[in-house]
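Below: the structure, in structure tokens.
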Amino acid sequence: MPNALPPAYAIVPPNRPLSGRVSPPGSKSITNRALLLAALAKGTSRLTGALKSKDTVLMAKALRAMGVEITEPDATSFLVTSLGRLTAPAAPLSLGNAGTATRFLTAAVATIDGTVIVDGDEDMRLRPIRPLVDALNQLGIDAESPTGCPPVTIRGTGRFGKGRVEIDASLSSQYASALLMAAPFGDGPIEIALAGKDIGARGYVDLTIAAMRAFGADVTEDGEGAWLVQPTGYKATDFHIEPDASAATYLWGIEALTGGKIDLGVSADAFTQPDAAAQAIIASFPNMPEIIDGSQMQDAVPTMAVVAAFNNRPVRFVGIANLRVKETDRIRAVANELNRILPGLATEEGDDLIVASDPALASQLSGRNSRIKIETYHDHRIAMSFALAGLLVSNIVILDPACTGKTYPDYWTMLAGLGVELQPDG
């Protein structure tokens, strides 16, 4: 983890193409899946290429509290040893604002014989989890969330039920992924079916199933929007985690905005994560499409929206309603901060985000000497995406830069390594 960061960074536009070799951190999404599956597998699993960030540290800490031995032999590896079952922790699990860890563990702890409380910080307590709780109830599991958000209390009996369960995953695919990963501990086969065809970022369910199969699960697709999971449990295995595609979007954004070339060491088509689809859209700058459907690459939307501010034509982002229930309301946050750079630059229209776009934006603002202080809302993706605006616009100041530690602890070190001057502010 990096040393303490200042309360704000002012970014000095480099006024030149940025080029170099940057290795993105490991995928947060896959790291947290692999940590949980290794913890549910009997034996020792070695996870390589892993991300060590706030979210994955919180997941590992929670798993240790439930009897799993996790060591860290190097900066990108976890060694996970488990008896193949979790045990009730002595205290509530506190998971900050880590959505993946909170949702995944809410289902996983239902396999425990005992009572577990899954909780988070004040921001996590505003993020919906009722669809997952309702699905657990369908399986006969005593789970309750009075507010529809964390904390969730699960009174497990060591049994996960069997049969068919329907889940509304329209707000988040993580609900379906959470159920899928716990389902191999059923009393019999479990069929998990979507309630309706809407699902947030379906590609992340594919990531879940691929990881489950790597750890020995038997999962088959059972018609459109349904999966049949056999009660196999999991087997320990060695598992390599690919780089984070969401983190790669910032590097693709740097290339597009500065005309540089960043060697990631991996091609966009080598990623299995859905956010990698953003590469082709970002690469089309300054002629990005007029309409961008962000439904299957939600974490890439803030990056694309900031790049779109300098596009040759306006861009409308659609299919992004789920961004309202992320670490913050990202539609509102992106619109607010683009308008802080220039009033009228962004508009919310229902759950669509419209970026007015102006290829002359940087020169238009070149004479303004006052600082443009970007509020980040404790949201790593807002901080990282709006730092890209500072590559072209003078006097951009990113507040709370330390929030990037959630998924990309070395983000500012990476920018400095490419030659971007970062001035501590405040």
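The values are calculated or read from the model by the stated rules, or taken from the named source; none is laboratory data. Computed from a predicted structure; not experimentally measured. Counting neighbours? That spans all protein chains shown, and the Cβs are built from the backbone with ideal geometry, glycine included.
Sub-6 Å Cβ pairs linking a first residue in the stretch 184-207 that is in the same structural domain as THR220 (by TED's automatic domain parsing) to a second residue that is in a helix (DSSP H, G or I) and of a type in the set (Ser, Thr, Tyr), at least 6 apart or interchain, are PHE185/THR111; ILE199/SER173; GLY200/SER173; ALA201/SER173; TYR204/SER173; VAL205/SER173; VAL205/SER177, ordered by first then second residue. Which condition from (1) β-branched (Val, Ile, Thr); (2) surrounded by 24 or more Cβ atoms within 10 Å (Cβ to Cβ); (3) within 23 Å of TRP227 (Cα to Cα) is the one that VAL205 breaks? VAL205 satisfies every listed condition except (2). Among the conditions (1) out of contact with any Leu (no Cβ under 8 Å at 6 or more places or on another chain); (2) surrounded by 18 or more Cβ atoms within 10 Å (Cβ to Cβ), the only one that VAL420 does not satisfy is (1).
Given the criteria surrounded by 20 or more Cβ atoms within 10 Å (Cβ to Cβ), in contact with a strand residue (DSSP E or B) (Cβ under 8 Å, 6 or more places away or on another chain) and not hydroxyl-bearing (Ser, Thr, Tyr), does ASP263 qualify? Considered against the rule, which asks whether it is surrounded by 20 or more Cβ atoms within 10 Å (Cβ to Cβ), in contact with a strand residue (DSSP E or B) (Cβ under 8 Å, 6 or more places away or on another chain) and not hydroxyl-bearing (Ser, Thr, Tyr), ASP263 comes out as no. Candidates in the stretch 86-108 are the residues that are in contact with a helix residue (DSSP H, G or I) (Cβ under 7 Å, 6 or more places away or on another chain) and among the β-branched types (Val, Ile, Thr); of these, the one that is surrounded by the most Cβ atoms within 10 Å (Cβ to Cβ) is THR102. Every residue in the stretch 260-290 that is under 17 Å from the mean Cα position of the chain (by Cα) and among the charged types (D, E, K, R), please. Selection gives ASP275 alone.
Taken as a whole, the structure leaves ASP293 outside the set of residues that are within 22 Å of ALA210 (Cα to Cα) and either modelled with pLDDT of 95 or more or outside the structural domain of ALA211 (by TED's automatic domain parsing) (or both).
For the stretch 219-238, a tally of residues being closer than 24 Å to ARG46 by Cβ and either surrounded by fewer than 19 Cβ atoms within 10 Å (Cβ to Cβ) or in the same structural domain as LYS406 (by TED's automatic domain parsing) (or both) returns 5.
You will find that of SER357, SER394, the residue that is polar (S, T, N, Q), surrounded by 19 or more Cβ atoms within 10 Å (Cβ to Cβ), assigned by TED's automatic domain parsing to the domain that holds PHE317 and touching a residue at least 40 places away in the same chain (Cβ under 8 Å) is SER357 and no other.
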